[in-house]
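Down below is the structure, laid out as structure tokens.
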Amino acid sequence: MNKILLTGFEPFGGEMVNPSWQVASALDGEVLGGAQVVAVQLPCVFAAALPALQAALASHQPNWVLSLGLAGSRSVISVERVAVNLVDARIPDNAGAQPVDRPVVAGGPAAYFTGLPAKAIVADLQQAGYRAELSHTAGSYVCNQVFYGLMHALSLGIVAGDVAGDVAGGQSGVGHGVKGGFIHLPPMPEQADSHPQSRPMALDEQVAALRRAVELVVADTPELRIAGGRID
Ligand code: PCA
């Protein structure tokens with residue numbers, strides 16, 4: 001059966017929960033659009049997140065990869081369109097590291113676009129009544145690092161190699177054609193005190209919305225992408 005790898009992050013920034021892992025783990029094992037969901041948690045640690053992603057790619061050999069993260073300052077589900085080759089940490093990661101002005105992959109392209117039908121996902125979620133938007137920045141913290149590292153690995157056809165750009169070291173696992181992308185989630189109601197400027201979204205609502213998003217990722221066709229049209 002086809003597989004979609006859904007990643008979520010461990011809590012960070014002193015919080016006890018992260019909706020990205022709550023959502024991913026809630027969908028773990030479901031079959032959506034004929035694909036099995038496999039959920040894997042990533043550490044919110046610059047030095048460890050991409051190796052953990054790489055290990056998950058190698059062991060699960062997915063056909064699609066959707067990574068999720070918390071955007072504590074946002075009030076909507078943000079379907080990310082662009083990953084940039086930049087690490088510029090606003091706060092220390094869970095290992096205490098706070099890298100600034102570094103590339104994710106030295107010598108890599110400035111940016112990658114998502115491989116997922118972002119506009120179609122946003123349009124579908126909005127039509128179904130969920131708060132969703134197209135986002136043109138995944139920030140410059142661990143989420144953007146994972147998004148960029150994922151897109152870099154998939155662009156090279158590396159799934160069993162080294163995400164940090166070692167083409168020669170990459171063995172062919174799942175090859176070109178594996179599609180990947182990133183969605184940021186708003187805080188959950190129990191996080192409201194930590195994010196007073198954001199409108200929280202209940203976990204059930206986030207899970208239901210992401211179920212729809214996964215179904216569209218799996219059902220992706222050129223027609224679906226064209227139907228997205230212009231979205232703000
Ligand atoms: N959000 C952070 C990293 C982990 C997470 O869930 C981010 O947006 O970079």
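What follows is calculated from the coordinates using simple rules that are stated; it is not laboratory data. This is a predicted model, so every value here is computed, not measured. Cβ: placed from backbone, ideal geometry, glycine included. Neighbour counts: every protein chain shown.
Below, the figures for the structure above:
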quantity: Computed [θ] at 222 nm, helices only, for the chain once each DSSP H run of length n ≥ 4 contributes -39500 (n - 2.57); calculated: -9500 deg cm²/dmol
quantity: Residues Ser25, Ser73, sorted so that the one with the fewest Cβ neighbours within 10 Å comes first; calculated: Ser73, Ser25
quantity: D_trans [Stokes-Einstein, Kirkwood Rh over alpha-carbon pairs] for the chain, 25 °C, 0.890 mPa s, µm² s⁻¹; calculated: 141 µm²/s
quantity: Derived scalar couplings ³J(HN,Hα) [the range 179-192; Karplus, 6.51 cos²θ - 1.76 cosθ + 1.60; whole Hz; x for Gly, Pro]; calculated: 9, x, x, 9, 10, 8, 10, x, x, 8, x, 6, 9, 4
quantity: The chain, relative contact order in percent, only Cα pairs under 8 angstrom and at least six apart counted; calculated: 27 percent
quantity: Cβ-based exposure ranking for Leu27, Leu203, Leu6, in which fewest neighbours within 10 Å come first; calculated: Leu203, Leu27, Leu6
quantity: Fraction of beta bridges assigned by DSSP in the chain that are antiparallel (%, nearest 5); calculated: 30 percent
quantity: Isotropic mean projected area of the C-alpha convex hull, the range 17-78 (nm²); calculated: 5.0 nm²
